[in-house]
Structure formats: C-alpha cells, structure tokens
Amino acid sequence: MSIAVRSHRTQKRTAHLVRIWAGVIVCLLFLFPVLWMVMTSFKLPKDIFTVPPTIFFTPTIETYTSYLQYADVPQRMLNTVIVAFGASIVSIVAGAMAGYALARIRIRGAATLGVLILASRGVPPIALAVPMFLVARNLGLADTHIVLILAYCSFLIPYVMWLLRGFFVALPKELEEAAQLDGCSRMGAFFRIIVPISLPGIVSALIFSVILAWEELLFALVLTNNFATTIPVAVAGIAGDTVNGANWGALAAVGTLTVIPVVIFALLVQKWLIRGMAEGATKG
Amino acid sequence: MARLSSQTTTHPSRRRTHTIDLFSRWSFLTPATVILVAVLAYPIIYTIVISFSELSLATFSPTSWVGLDHYIDALTNRNFLNSILVTGVYLLFALPIQMLLGFGTAFLMNAEWKGRGVVRALFLIPMVVAPVVAGGIWRQLLDPLWGAVNWFIGLFGAPALDWLGDPTLAMITIVLIDTWRWTPFVALIAAAAMLSLPSDVFEAARIDGANWWQTLTKVTIPLLTPIIAATFVVRWLGAVKMFDIVLASTKGGPGQATNVVNLYIYEEAFRGLHFAEASAMSVVVLVITMVLTAVFLRMSNKLEEKF
Amino acid sequence: MTHTLRKTARRAVIGGLLATAMVVVAGCSSGSAGAPEGGGVGTADKPVSIRMIANEAFANQWQELMVPEFNKDFPNIKVQIDGVPYAELLAKSMLDQTGAKPTYDVIIADDPWIPQLAQTGSLLDLKKDAKEWTADDYDWDDFYAAPLAAGEWDGVQYGVPVRSNLLLMFTNKKLYQDAGVPVPTDKLTWDEFFEQAPKLVRDTDGDGKDDVWATDTYFTRDSLTPTIWQTVLNSDGGQLLDKDNKPAFDNADGVKALQTQIDMIEFAPPGASTHGFNESLEAFRQGKVASLFMWGSVFKGTAVDTDTTTLTPDQVGIQVMPAGEKMAGAHRGIWSAAVSAKSPNAEAAWALTQWLSSKKGEVWQANKLGVFPARKSTLASTPEAGSEWLAPVFTALAEGFQVAGEGEMWRPRLPESDAVQQILATETARATSGEISAKEALDNAADQVEKLLG
C-alpha cells in the first residue's frame, strides 16, 4: 500500500514539475521578441539589419545616453507615469464601485446603463479624439495632465467595470448578508468585506489599467503638444522618422526603458497580491 | 439578497429610508457615470452630428446637413466593407486562440513554486511593449531577407516565407503579433480568477472521486464562466479597436489584406482629413459592435444562469 | 513748519512714485495693446516668444542646434519647437490653426499641405503682409522655381522652403563595378536601367543563392509609394491630373509608369513588395542593393555616418532618377515654413522663417546640419571643410530642381492632395502585391479620384 501511495505522490510531483516547467517555457517563448528588442537596443544601427542577424556584436550604450537625452525622454516618462497611474487609480475606484453595483445591487435601469457604458468602448477612438481636443482647447485644458487623465478614464472605466463585475458576480452572496446583519451600510460592506476578498481581481485590473494607459497613443498625440506628451508619442516620432530613417536602436532602447517601470510595479504588486491571497486563504 | 426597506408602504420614515436606500444604491454608479458623461457626452454627440453634415475644415464645425449621404457612401465603399471583412476574419481567429492559450497558460502559471510571482510579472511584458515597437520588432524578426524567424526555419530546410507580402501569411502575422501581445492579458485575469476560486468545492470534488477531466468540465469551467465571459467581452472590444499593430507591421497590406476597419477610419480621418465621413463610418462600426456585444452578453448571461 | 514740509515732501514723493508706477503700468499694458501688429522682434527686457510645430524627426535637431545659432542674430526671440510624428502633423496643424487663438506661430508643412492649410485662411501672405519685415537682400529670385512653388497656392506665397528634399537615385558604385556594369551617370534612361538590372542580381559568396540585388524603393502600402511611378510618368511628359483636375493617369502612359515600378520588384530583394522607407534604406546601407530610389536627405546617414551605414562616401553616388522619353526624373518633397495669420508675433515668426531661408541661413544649415538648400547661390557654392560630402548632393539637387520644375514633378496642388494620395497608395499597393493588374489599379484610382474631386 505504501508503494502505491509513494508512486502516486511521485506522479503528482512529476505532474507538478511538468506544469511549472511548461509555464516557464511558455514564458520564455513569449519573451524571445523582448530579448531581441533588448539586444537591438545595444547594437549600433548598422548591426541591426544584417543578413544573417548578428547575435555577437560589440555592444554600445550610446543609444541610451545620446538619443534619449536628445528626445526629452525623462520628462515624457514622468508624464506617462503621472497620467497612467492617475487615470488608473480613478478608474479602479469608479469602475469597481460601478461593477459591484451591476453585479450585486438591483437598480432599475442599471443594466441598461451598464451596457451603454460598455458599448461606449466600441466607438473608434479616432472619432472621439478630435471633439475631445476641441472641447479641451475651449476649456484651456489642451496639453495638460488632467485632460489626458480624463480621456483615459473614458476607456478604462468601462473595462474595469465589466471585468470586476465578473469577479463580483462569482462571490458568494452570503458575504454582504452577513455584513448587513452586523449593521454595515452597503458602502461599508463593500469597502470592508468585498474589496479585501476581491483583491486579486482588483489588483489585476489595476495592473492592466496602468498598462493600457501607459501605451495609449492616439489621445496623447491629439490632446498634447509639448508639456504633457507621453512616451508613446516619442516612440511614434522615432518610428515615423521620415528624414533619417527609423532609428531602430533608439526605438528598442525606449521600448526597453518603458517596459521596466511597469514590470517593477507588477513585481511589487504581485508580492502584495500573494500575501493578500494567503490571508484570504487562512480566513477561509 | 437582503433588502433594507419594503416598497409598498408610504410611511414617512419608510419613504425616507427608501430614498436613502436608493441613494446608497446609485452612489455606487455615480462616480463612473459622472466622469463618463462629462468626458464622452460631447464627443459622441459631435461625432453623430458631423456624420450627418458637411464639416468645414476652417472651423471644424458642421455646416450643411447632408442626411444619410455619408452613411450611404460608407456602406457602398468597397474599401470600407473590405476592411470590415478583414476585421471579422482577424477576430474569428485571434479571439478563440487568445482565450484558450490565455486560460491554459494561466493554469500553468498558477503552479505553486517560488518563482511564480516573477514568472507572472515577466509574462506581462509583451503587453507593455509599445505597439509600434512590438510591430517593428516582429517585422524585423519576420523579414524574408534578414529576419530571425526565417533564418531559424531555414535551418530545418523550409523556404523563406514572405510573412508580410503574402496576404494569407500577413493575416497570420497580425493574428500572431496580436496573440503574442494579448494572451498575457487573458492569462493574468484568468490566473487571478483561478486563485479566487473557493477551495472547498475542489475538496468536495476530490473527495467525490472526480478525475482531472471531470473536475475541469463540471467544476472549474462553470465556476469560471463569469470571468471567461467578462474577459471575452473585454478582449473582443479591445480587438475591434486594434490598428496600431497593423500600422506598425503590415501597414494594412499587402494590398488591402490586413486593412482592419479602425486603420481604415484612422487613415480617412488623419490622412484624407475626411472627418465627417470617418464619423459616419465610426457610427456604423459602433452599431455593429453594440449589436454583437449585446449578443455576446445575452449568451454569457444564459451560460451564467445555467451554471 | 519743518514737520509740515516733511509731510508734504513725503506726500509729493509718494504721489510722484504712484504716478510713475501708474504710467509704467499703463505703458506696459498699452504697450501690448497698442504695439504694432507684429509685436516686433523683442527687446532685452521684453523678449518675444514664438512656437513652431514641426516634424518630430528634425524638431530636436533644430531646437538644440538651430535655435542658438538663430539667437545670435535675434537674441530676444525665444523659440520653442514642438515635434509631432509625420503621420499626424497635418491633422494637428489643421486642428491648431483653425482655433481662435492658435498655439503655433510658425508651421512647417510638407510639400502637398500648403493648399489645405492656406484654404482655411490661417496663413500669412508673405510677399504682401510681411513685406515691410523682409530684408532688402532676401532675394526671392535666388530660389529655384520648384522649391519656392511648394509654398505657393492660388498666386499667393504662403511658405518658404526650409528643408528641401527630392526623390533621387542612389547608386552603390562598388556593386556596379563588381558586376561589370558601367556606373550610371545622370544620362541613364529607364531602358538602360532595366538592361542593367538582371546583371546586378548576383550570388557573391558562392552559396548558390543570390545575395545582392539591383534595386529597392517604396513598394509597400504607403502614401509615398505612388511618387515613384509618378516620377516615371512625369519624365515621360505625363501628369497625374490635367488642367481641369481630372485624372490623367489612367491611360497607356500611366500603366507603363506603374508597370515600371512593379517590374522593379523582380530585381529587388525577397519581400521587397512590403518594403517602404526603412527597409529599402537599410537594404542599401547594408550593401545589398546596387541602386535605391529615395529621398536625398538620407544621403548623410547612408554615405557618411559610419554608425548607420556600411558604405563610404566614394562608394555612394547620387543623381537624378533615370530619364524617360522627355527628361530625367525627380520628385519634389519640400518642407516649407509658413506663418500663422492670427499670430500676435508675426514679425518675430517671419524673422525666424526668413533667417532659415535666407542666403546666410541656408549656407549655415547645409554645412552644419546637412539640411538641403533651395537657393541657386547656395547650391552653386562650395561646401565648407568637413562637409565635402555635400558637393555631389548639391549637383544632384540643382539638376533635380531644374527637372522637377520643367516637368511639374510634384504631388497634386489641391486641398485634397493627401486624400488623392491615399487613393493612389491603396490601389498602387494592390498592384505591387500582385492582387490586380496595373491597368485595373489605375482605373479604380481614377474613378475614386474623380468622385473625390467632384
């Protein structure tokens, strides 16, 4: 009998190891183009388009030092951080509340409102960008951080709302009932019970909100000129260089740089996420 | 669900509680509604108005009313209709692949080990790389002359494939790049959802002697249905708007083979400066998107109820 | 008594100070309200600020290098240059200029955009409204006709050339010599080009596969791709649109021109049908193709800068494009600078624009920044030490401007120019990808252009 138990356990362990390694391999496969991008960022322009592709080359950090100062990247990075996080935080708060309302609260007309909000996501952003610019200009808000944050909220809130609605619907109904029997208001129950339990979902929504806002290009192009421009605009400028040819080294360098803050953010938040899960698990 | 007031009496204090209750319910929806109305109301109205008018480029305001002219032009425009078809084909392949691959990868990534957080954070990267850069890098990798991919498959004797120049391969290319970018999104959401699943149900299933397949189909998937539906809808809406990947990799070519509808509208608006016509096309796309979204939502509601 | 005197004195001083203050304040405010419309070129205490919208590709170069040089002559004009990616530059310029108070005083417009911008009424008539601010030795006649015409619309001069570009032919002399083919001169014809092309496709390392090819250029779906066959058409004496703005390219000449571009693909590297600006440029820079039809502005990065190219200045030739039945070919791509008519600082804006396009400014830009000039005097001059690579470029440009002027080798001069170009781009792409024939593509394009222009 002990042999059967032991071999079953080995089977489980092997299955577990296979699962881990499969995940790692898939991750590496997905990262290959990124690795290529990082390599490219260290190449001289003439080493980038060689036949066959060069894998061994003399690296240079000149792209990072010279071009990036030139193109005002630090300022734009700061703008991107401000706008992405600002919009994400606003959207998470507004979207989580709205998603909860759609999932758990019976309100007449809420479902229709929800569908309308979601459908607004279907409008091609090109159509919205020009009138937004006209309004922003009339209000004197063109080329400011706030106008970008608001513009980003317009597409982040519907996303967050529907994603988190899915999470909230899956929660057991007894949670609010218990809280309300204890005398909590709806809002109190939401913030004290529902939110902590749904942290994995909320944190995921936050991460991807930051990512979506981080890389948004069209609104940034139309609504900003100089003061509040973001990294994606800089990237588009480098790629669309019709004078010298796209500087692929610079593109790869900017690409690499923009990836790093978000990954660090995700790593930090991941740890918190796992800790939250552990606490949730012990509470049962 | 607990209700705080009955709705049949008009006793003053009950009415007050009722009002307070209504207020407390709507307060959840208020922030989102206020922000969205403030930001989207004028642009959407503007778009609809100029889609029925001529736009003066000297003032960017509508001049004369032309009724349905722009709409008729759009619906008889061969290029516009072709771009809708192209978008449809792309969605038909990209969405299912991304959902399957995403949920499958999430399952793999949820394996408990020390490096799990690192793998998850790294897996995000394809989503974060700017679309222009992603398109450019993939273009390089797929180039027939100096691309790493062709060099690699050339080692196995395969001929150099014209990834960007052949219409079918170009469509595969954009599906490939889009999948590469967005599978991490699906996987991330799915992973979080799988972590939130209550463990007692799985315990019960195990005790009942369910095997791997039965657990998957009778327990996991039903529990995950709301998330699968929500992710699908969210991804569907995002994919419909995709155009930056195409612009950076195939530019809509070869010919019109990958000219997705949002790219077409973008070029009409920003290159041709045909804002009024582009608005009409945007409204057409919006209507189609809304109809299909409603269909998907109804389907997902039915599935949710079933489970 | 002393006390009263002191009090009166104090009151007088205070009163006097107040009066002076009021006069100064009134002077300042009336200064801004009652000053001449241009606002002048600023003084040391009251500098003038102007903003320019330009292509991101050169905005930084100008901000960092050109503005300080400009400030040596005009120290009280503060210039801020905002860069916008090329694809969105026209739309952003239009959006800005049509507002009540535009942000930008100077607009840098690509070749086909001046009619569109001018039609909105937001550009200044340079020869008339800026006449009193123009230096006596500015010499409008010193410009070649073709580049200057890029800034003109409906008889009014709205812009002046500040970065003059032409579509030209680059040759890798070494590849021609290695293949035993005579290096092309500016007398090359298209027939000779296609005679030479097969000999230039070779296997240089003996592995049985070709690794150098004859040519490369724009073939992909891009609004600049049709300019290639348009040049062929122009050099045969044809035009895109006739005097009544009706399509004049859906005929035998047009088909021959488009077919010429399609035939080039046969002698271009694999995957060339998807090549655009970047890919064809890189192919040439890596020494993979013997000839390249591309904007002359890439010359420095292709022949001189060792960071970006494997070629050397004596390897790279630059000249006009091959001759058709009537003349050689070139295609104009001039960046013009225009001044906003609603700008409160029009004089300062014109000061900058004038400086950039003046004889002195052009010589400085050409030698220090490698930016191409449009003046006969500049193109006839000898480049300074360190910029000797400019010499063959000047020769090619001078000939190119001449030829472009004679054959009207530019994109249609209409407000709808970009829209026309979009139509041509789509149909050309379908033809170069082999989806449809050249004739069908041109017929489709002609139908759509006719419908567009009404």
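Values in this text are rule-based calculations from the coordinates and carry no lab data. Only a predicted model underlies this, so the values are computations on that prediction, with no experimental measurement involved. Note that we place each Cβ from the backbone using ideal geometry, even for glycine, and neighbour counts take in every protein chain shown.
Is the shape of chain C rounded, prolate or oblate, going by the alpha carbon gyration tensor and its root eigenvalues a ≥ b ≥ c, with a/c under 1.5 for rounded and a/b larger than b/c for prolate?
Details: a/c = 2.85, a/b = 2.05, b/c = 1.39.
Judged from the Cα gyration tensor, chain C comes out prolate (a/c at least 1.5, a/b above b/c).
What are the ³J(HN,Hα) couplings of the stretch B:222-232, residue after residue, when phi is run through the Karplus curve with 6.51, -1.76, 1.60 and θ = phi - 60°? Round to Hz, x for glycine and proline.
x, 5, 7, 3, x, 5, 4, 5, 4, 4, 4
Count charges around B:L176 for me, please; just the other residues with Cβ under 14 Å from its Cβ, Lys/Arg as +1, Asp/Glu as -1. Intermediate values should be presented prior to the final figure.
On the way: positive: B:R139, B:R181; negative: B:D166, B:D178.
Result for the neighbourhood of B:L176: 0.
Quote the relative contact order of the stretch B:168-307 in percent (integer), defining contacts as alpha-carbon pairs under 8 Å separated by 6+ residues. It would help to have the intermediate numbers written out before the result.
Working: 80 pairs, mean separation 39.9, N = 140.
That works out to 28 percent.
Given R₀ = 45 Å, FRET efficiency for B:E54-C:K209 by Cβ-Cβ distance, to 0.05?
According to the calculation, E is roughly 0.20.
Contact order normalised by length for chain B, with contacts defined as Cα pairs under 8 Å and 6 or more residues apart; what percent is it?
Answer for chain B is 25 percent.
Using modelled amide H (1.01 Å from N, peptide plane; none on Pro or chain starts), what sits under 5 Å from the amide H of C:G333, excluding residues fewer than 5 places away?
Distant-sequence amide H within range of C:G333: C:N165, C:L166, C:L167.
Taking square-rooted eigenvalues a ≥ b ≥ c of the alpha carbon gyration tensor, is the stretch B:70-306 rounded, prolate or oblate, where a/c under 1.5 means rounded and, failing that, a/b exceeding b/c means prolate? Kindly include the intermediate steps, with their values, before the conclusion.
Values: a/c = 2.50, a/b = 1.40, b/c = 1.79.
Oblate.
Measuring from centroid to centroid over Cα atoms, what is the spacing of the stretch C:322-382 and the stretch B:255-307 in Å?
Spelled out, the Cα-based centre of one part sits 44 Å from the other.
With a ≥ b ≥ c the root eigenvalues of the C-alpha gyration tensor of chain A, is it rounded (a/c under 1.5), prolate (a/b larger than b/c) or oblate?
oblate
Nearest 5 percent is fine: what portion of the DSSP beta bridges confined to the protein assembly as shown is antiparallel?
Restricted to the protein assembly as shown, the bridges split so that about 70 percent are antiparallel.
Let me know the mean shielding of B:108-117 by other chains, meaning the per-residue number of their Cβ atoms within 10 Å of its Cβ.
Mean shielding by partner chains, rounded to a whole number: 6.
Using DSSP to call loops (not H, G, I, E or B), can you name the trypsin sites (Lys or Arg not before Pro) in the stretch C:182-219 whose Cβ has at most 12 other Cβ atoms within 10 angstrom?
C:K187, C:K209
Quick one: if you stick a label point 7 Å off each Cα along the C-beta vector at B:T215 and C:E195, how many nm between them?
7.9
For a quick check: with amide H placed at 1.01 Å from N, whose amide H comes under 5 Å from C:W153's, ignoring anything fewer than 5 positions away on the same chain?
C:Y158
From the alpha carbon gyration tensor of the stretch B:170-307, can you work out the equivalent ellipsoid semi-axes (sqrt of 5 times each eigenvalue) and give them in Å, largest to smallest?
Equivalent-ellipsoid dimensions as semi-axes: 40, 18, 11 Å.
If I take R0 = 60 Å and measure r between the Cβ atoms of A:Q11 and B:F93 in this structure, what FRET efficiency does the formula 1/(1 + (r/R0)^6) give, to the nearest 0.05?
That pair, A:Q11 with B:F93, gives E of 0.95.
Below 23 Å, Cα to Cα, which lysines can C:K288 reach? Residues fewer than 8 away in the same chain don't count.
Filter leaves A:K43, A:K46, C:K173, C:K174, C:K199, C:K209, C:K300.
Name the residue from A:I89, C:T231, B:G165 whose Cα lies farthest towards the positive end of the charge dipole of the protein assembly as shown, charges +1 on Cβ of Lys and Arg and -1 on Cβ of Asp and Glu.
After comparing all options, I get A:I89.
What's the Cα-based Rg to Rh of the stretch B:12-51, Rh via Kirkwood? Don't skip to the end; give the middle numbers.
Numbers: Rg = 16.3 Å, Rh = 12.2 Å.
We get a ratio of 1.33 for the stretch B:12-51.
Setting aside same-chain residues fewer than 8 positions from C:K342, which aspartates and glutamates have a Cα under 17 Å from its Cα?
C:E37, C:D96, C:D105, C:D125, C:D129
Sort out for me the Cα centre separation of the stretch B:112-133 from the stretch B:89-111, rounded to whole Å.
15
Take the Cα gyration tensor of the protein assembly as shown, multiply each eigenvalue by 5, square-root it, and list the three semi-axes largest first, rounded to whole angstrom.
Semi-axis lengths for the protein assembly as shown are 52, 40, 27 Å.
Let me check against my output: what whole-number percent is the relative contact order of chain A, with C-alpha pairs under 8 Å and at least 6 apart? List each step's numbers first, then the result.
Values: 260 pairs, mean separation 82.3, N = 284.
Once normalised by length, the contact order is 29 percent.
For B:K241, list the lysines whose Cα falls under 30 Å from its own Cα; do not include residues on the same chain fewer than 8 positions away.
List returned: B:K251, B:K302, C:K92, C:K451.
Could you tell me the center-to-center distance, by alpha carbons, between the stretch C:433-450 and the stretch C:73-97 in angstrom?
The distance from the Cα centre of the stretch C:433-450 to that of the stretch C:73-97 comes to 36 Å.
What list of ³J(HN,Hα) couplings, whole Hz, do you get for the stretch C:240-247 from phi and the Karplus terms 6.51, -1.76, 1.60, once you set θ to phi - 60° and write x for glycine and proline?
6, 10, 8, 4, 8, 6, 9, x
What ³J(HN,Hα) values, in whole Hz, does the Karplus curve 6.51 cos²θ - 1.76 cosθ + 1.60 give for the stretch C:162-173 when θ = phi - 60°, with x put for Gly and Pro?
Coupling constants for the stretch C:162-173: 10, 9, 9, 10, 9, 7, 10, 10, 9, 10, 9, 4 Hz.
Compute the Rg/Rh shape ratio of the stretch A:2-41: radius of gyration over Kirkwood radius, all on alpha-carbon atoms.
Using Cα coordinates only, the ratio equals 1.41.
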